[in-house]
Amino acid sequence: MKNIILLITSTLVITSCSLLKNTKTIENNSPTTTTPSNPISISIISNKSFFKNESSSTFLNEVITKSNCIIKTEKFRSLVTNNNNYTSTNDNGLKVFSNIVNAPIVSFKTYRSSKLNIAARNVTANANLGEPIINWNLRNNPRSISRMVNTAIHELTHTINYTHKNAKDHKSVPYQVGNYGEQTYDLGFCN
Ligand SMILES: [Zn+2]
């Protein structure tokens, strides 16, 4: 049976941690780069959309526009790459950023959890490890754009196999990188 683990933003306990995907590492030996210690250029991802909306919820179009913009900012790149203290992975910040910008395009889908299921009711969104799909719970969305940018980026990292032990594993890639997205937005980027 496939290793499918439900991962849920903000509220969920994750019981398993795996890092299966090893995406391409970008090498750059150019002596002209202005940031030699961080050899990933924003320009290589300038035309990329990291998400596509496969739902009929139009608020997700704005989440896509803003999240794409945030991931491409120098601010977000520097926050992610300058952090080499992520838990639940051995990857350094540069590797994390490289994996994010090389991630397969993630589809947005929606569902509405049952009012009766208390655990499911609190979920904002979820993704399975290694599957490029984010399921947004319409019972808890839309929220503010900055919070949903956080969720989109948090869940994106799950789709490339980053995980966290539980909802208190705040130094994990999903939590830290999602928070970096929210912080960048709240600083005024992409508004
Ligand atoms: Zn998560």
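What to note about this one:
- Dipole magnitude for the stretch 45-186: about 300 debye, using +1 per Lys or Arg Cβ and -1 per Asp or Glu Cβ, origin at the Cα centre.
- Most to least packed among 84-96, 142-154, 63-75 [average Cβ atoms within 10 Å]: 142-154, 63-75, 84-96
The numbers here are math on the coordinates, done by the rules we state, and not lab data. In this text the structure is predicted, and so the values were computed from the model without any measurement. Because the Cβ atoms are built from the backbone with ideal geometry, glycine has one as well, and the counts that use them run over all protein chains shown.
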